[in-house]
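K.L.:
Below you will find the structure I want to go over with you.
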Amino acid sequence: MADMAVQSTGMEAAGPYDRARALGAFKAGDTAFYWTTRACAISVLLILGGIILSLIVGAWPAIREFGFSFLFTQRWAPANDPPILGALGPIYGTLVTSIIAMVIAIPIGLGIAIFLTELCPNWLRRPIGLAVELLAGIPSIIYGMWGFFVLGPFMANYMQPYMIRAFEGVPVLETIFAGPPSYLSLFNASLILAIMVLPFITAISVDVFKTVPPVLKEAAYGVGCTTWEVVRSVVIPYTRVGVIGGIMLALGRALGETMAVTFIIGNAFRITGSIFSPGTTISAAIASEFAESDGLHQSGLILLGLLLFILTFLVLTAARLMLMRLEKKAGN
Amino acid sequence: MNFIKSIVAAGLVAASTSAFAADITGAGATFPFPVYSKWADAYKKETGNGLNYQSIGSGAGIKQIIAKTVTFGATDAPLKPEQLDKEGLAQWPMVMGAIVPVVNLEGVKPGEMVFDGPTLADIYLGKIKTWNDPAIAKLNPKLKLPTDAITVVRRSDGSGTTFNFTDYLSKVSADWKTKVGMGTAVEWPVGVGAKGNEGVAGNVGQTKNSIGYVEYAYAKQNKLTYAGLVNSAGKAVQPTIAAFQAAAANADWAKAKGYYLILTNQPGETSWPITAATFILMHKEPTDKAASAEALKFFKWAFEKGDKMAEELDYIPMPASVVKQIEKTWSADIKS
């Protein structure tokens, strides 16, 4: 006790002089902290710039050779002399598989999240939550092998013939679900992608659903709302931005997924109307051909990589714009 | 203290021997990987010297040897003589293999079916769409062929197997040559692509009414239904070691500059038409002469003692006359 008293008087005696110095030290620390964190943030931009630059340099021979026709050419003939390369097939495959995957994964992912936070009995919460996390932990090559040996044959032998028959004679849908059934197809790749992105949507949705203040929900229940009405009118509007963020993260994953897709998409550079026919994606094409490529062929593959970069960038920008509009609306 | 010293010393010795043992490094083709690793194992047991071979694909192997990051590169598609001169490389065939067509067709057993080159090309061009096509029926009068569509399976990754297969199709079908051509990756008109020999084997094994092409070893190990082929002499032959060796023996290695020779569609009544050698690439003036000499010692040993091991893995050893010629090349070209 006595010691403390002595110390505190000592501090007071040191008074104004020390105070200025201490403040100065704080300020220096603050500045250092500011610049350190700023350097970290800026390094991301530098790395990103470096990646874009090296992609452009690597892709330059192909850009010079093919120009804009690269985007609209469907042929991919690296063995031709000179090679004819076009990105239309891989771009089509990337978009189609990602869109189908999201159409399947968004309702299921949100469904799981709503069940987990609003309806699930306590004892079931942990097993389901754990299962979802495990889905995210499985390496993509395992998904690919499972798709190749289990899902592909199952779809081709049982599901696809049924779907082909069901849509026979219906305009447009008839073309989309045209046969013959195939183990390796755009549709099977989309299904695998849907399973792979599910944990992203679910985990983030669960986290943001938990941020809804209980008082809001209680008030809604208090005026006689059903669980469905509470979810639709309170939980979802309150967490919209977070949920969309999760969906965008999932979409980014779906656009870039490589290994699993390479296993089950069939790797054909063709565009047919049917989702049961083999196709390819940008990343699958690069993964398949890069090791054995050289010259213009390799440059074309790097250009494909650059396109994927731009495509992902465009998708994320669109998502940002959409979020901004939503926030504005909510503000009004 | 002494105890600690001896542990450190032992560690240093272990580190230095293991570093020495990994002196020979090679990279490239995936096709010869099983036999190279078997040879390396036996060689290490005999001499204590190890070999580190990375099967990263022929194209990548060529890049690595040009960049001088490995002692030797390995490729299934040989480099042309002018390319070899430009990079200062020596090239020779190390071991051979064969490519066989495989099918999955109900009621058809291994060896029962026969194709000829033009028919095979038309199937891969998408011109022949069903199994009961007259062209297939004419070659296989005894088989009951279904009316089902043919599922064509091919490689999706660039590969030496594809290089040799498309080279064969280009030689036997003018249509294939103008429409598709040859290469490690080509513009496939039809079919689904699977990754690696194992991918094609797995796919054909699973898919009814499918056809594919794989290295003979994969067809045998996966118990796939392989088919015979009509060779350049017009005789139907079965994929056997004897037929592969006949093709190799009939090849004219002596006249091939830089051993640039693709073994498809070779003459001879008993020759299997899609046989392929896999090649080794080394610098004529290596930067690390000791490692280079060590690698040559290994290759010499493999030629002398590795034949049986290669045959056990369904590879075909190089004929003795070719080996003699290769050893001459070594002493003339590679400085050590």
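The values are calculated or read from the model by the stated rules, or taken from the named source; none is laboratory data. Just so it is clear, the structure is predicted and the values come from calculations on it, not from any experiment. Neighbour counts run over all protein chains shown; Cβ positions are idealised from the backbone, glycine included.
K.L.:
Just one of B:T178, B:T166, B:T207, B:T147 is within 14 Å of chain A (Cβ to nearest Cβ), over 22 Å from the mean Cα position of the chain (by Cα) and surrounded by 17 or more Cβ atoms within 10 Å (Cβ to Cβ); which is it?
P.N.:
Just one listed residue meets the conditions, B:T207.
K.L.:
Please work out if A:A254 is more than 13 Å from chain B (Cβ to nearest Cβ), among the small types (G, A, S) and over 30 Å from B:V186 (Cα atoms). Steps first, please.
P.N.:
Working: more than 13 Å from chain B (Cβ to nearest Cβ): yes; among the small types (G, A, S): yes; over 30 Å from B:V186 (Cα atoms): no.
No: the conditions fail for A:A254.
K.L.:
Evaluate the following for B:G228: is it at pLDDT 90 or above and more than 20 Å from the chain's Cα centre (by Cα)?
P.N.:
Judged against the criteria, B:G228 is not a match.
K.L.:
Looking at region A:94-152 only, could you name the residues that are within 14 Å of chain B (Cβ to nearest Cβ) and out of contact with any helix residue (DSSP H, G or I) (no Cβ under 7 Å at 6 or more places or on another chain)?
P.N.:
Listed by number, the residues that qualify are A:W146, A:F149, A:V150.
K.L.:
Can you name every residue in region B:49-84 that is in contact (Cβ under 8 Å) with a residue 24 or more places away in the chain, under 17 Å from B:K284 (Cβ atoms) and charged (D, E, K, R)?
P.N.:
B:K68, B:K80
K.L.:
So how many residues does region B:198-216 have that are part of a helix (DSSP H, G or I) and among the charged types (D, E, K, R)?
P.N.:
Matching residues across region B:198-216 total 1.
K.L.:
Next up: In this structure, is A:R165 surrounded by 14 or more Cβ atoms within 10 Å (Cβ to Cβ), without any contact (Cβ under 8 Å) to a residue 40 or more places away in the chain and of a type in the set (D, E, K, R)? Write out each step before concluding.
P.N.:
Details: surrounded by 14 or more Cβ atoms within 10 Å (Cβ to Cβ): no; without any contact (Cβ under 8 Å) to a residue 40 or more places away in the chain: yes; of a type in the set (D, E, K, R): yes.
No: the conditions fail for A:R165.
K.L.:
Out of region B:50-77, which residues are surrounded by 16 or more Cβ atoms within 10 Å (Cβ to Cβ), assigned to a loop (DSSP other than H, G, I, E, B) and out of contact with any Phe, Trp or Tyr (no Cβ under 7 Å at 6 or more places or on another chain)?
P.N.:
Scanning region B:50-77 gives B:G50, B:I56, B:G57, B:V70, B:T71.
K.L.:
Residues that are at pLDDT below 90: which helices (runs of 4 or more DSSP H) entirely in region A:164-235 hold 1 or more of them?
P.N.:
A:173-176
K.L.:
Give region B:150-163 a look and list any residue that's more than 8 Å from every other protein chain (Cβ to nearest Cβ) and not in a helix (DSSP H, G or I), or say none.
P.N.:
Passing the criteria: B:I150, B:V152, B:V153, B:R154, B:R155.
K.L.:
Taking the condition within 14 Å of chain A (Cβ to nearest Cβ) and under 20 Å from B:F163 (Cα atoms), does B:P189 pass?
P.N.:
Considered against the rule, which asks whether it is within 14 Å of chain A (Cβ to nearest Cβ) and under 20 Å from B:F163 (Cα atoms), B:P189 comes out as yes.
K.L.:
Any chance region B:286-299 includes a residue that's at pLDDT 90 or above and under 20 Å from the mean Cα position of the chain (by Cα)?
P.N.:
Yes, that holds for at least one residue.
K.L.:
Go through region A:70-90 and count every residue that is more than 10 Å from chain B (Cβ to nearest Cβ) and either outside any loop (DSSP other than H, G, I, E, B) or hydroxyl-bearing (S, T, Y) (or both). Give the derivation first.
P.N.:
Taking region A:70-90 and keeping what is more than 10 Å from chain B (Cβ to nearest Cβ), we get A:70-74, A:82, A:86-90.
From what's left, either outside any loop (DSSP other than H, G, I, E, B) or hydroxyl-bearing (S, T, Y) (or both): A:70-73, A:88-90.
Total meeting the criteria: 7.
K.L.:
Any chance region A:269-289 includes a residue that's within 14 Å of another protein chain (Cβ to nearest Cβ), closer than 24 Å to B:T30 by Cα, touching a Leu at 6+ places or on another chain (Cβ under 8 Å) and part of a loop (DSSP other than H, G, I, E, B)?
P.N.:
no
K.L.:
Collect the residues in region B:29-49 that are surrounded by fewer than 23 Cβ atoms within 10 Å (Cβ to Cβ), away from chain A (no Cβ under 14 Å) and in contact with a strand residue (DSSP E or B) (Cβ under 6 Å, 6 or more places away or on another chain), keeping them in residue-number order.
P.N.:
The answer is B:A40, and nothing else.
K.L.:
Any residue at all in region B:271-284 that's within 24 Å of B:V70 (Cα to Cα) and over 19 Å from the mean Cα position of the chain (by Cα)?
P.N.:
Looking through region B:271-284, at least one residue is within 24 Å of B:V70 (Cα to Cα) and over 19 Å from the mean Cα position of the chain (by Cα).
K.L.:
Test A:A39 against the stated conditions and say whether it is within 30 Å of A:S293 (Cβ to Cβ), assigned to a helix (DSSP H, G or I), within 38 Å of the chain's Cα centre (by Cα) and at pLDDT 95 or above.
P.N.:
In short, no.
K.L.:
Something else now. What are the residues in region A:131-162 that are surrounded by fewer than 20 Cβ atoms within 10 Å (Cβ to Cβ) and polar (S, T, N, Q), if any?
P.N.:
Within region A:131-162, A:S140, A:N157 meet the criteria.
K.L.:
With respect to A:A62, determine if the residue is in contact (Cβ under 8 Å) with a residue 60 or more places away in the chain, surrounded by 14 or more Cβ atoms within 10 Å (Cβ to Cβ) and closer than 30 Å to B:K179 by Cα.
P.N.:
So A:A62 passes the test.
K.L.:
Tell me whether region B:83-106 contains one or more residues that are more than 30 Å from B:G61 (Cβ to Cβ), assigned by the TED database to the domain that holds B:N231 and in a loop (DSSP other than H, G, I, E, B).
P.N.:
yes
K.L.:
Now for a separate question. With the structure loaded, tell me whether B:S292 is of a type in the set (S, T, Y), surrounded by fewer than 24 Cβ atoms within 10 Å (Cβ to Cβ), touching a residue at least 24 places away in the same chain (Cβ under 8 Å) and part of a helix (DSSP H, G or I) or whether it fails that test.
P.N.:
For B:S292, the condition - of a type in the set (S, T, Y), surrounded by fewer than 24 Cβ atoms within 10 Å (Cβ to Cβ), touching a residue at least 24 places away in the same chain (Cβ under 8 Å) and part of a helix (DSSP H, G or I) - is met.
K.L.:
Being among the hydroxyl-bearing types (S, T, Y) and under 25 Å from A:S283 (Cα atoms) is the filter; apply it to region A:168-194 and report the residue that is surrounded by the fewest Cβ atoms within 10 Å (Cβ to Cβ). Let's see the steps before the verdict.
P.N.:
Looking only at region A:168-194, we keep the residues that are among the hydroxyl-bearing types (S, T, Y), and these are A:175, A:182-183, A:185, A:190.
Subset that is under 25 Å from A:S283 (Cα atoms): A:182-183, A:185, A:190.
On the way: A:S182: 22, A:Y183: 28, A:S185: 26, A:S190: 25.
This residue is A:S182.
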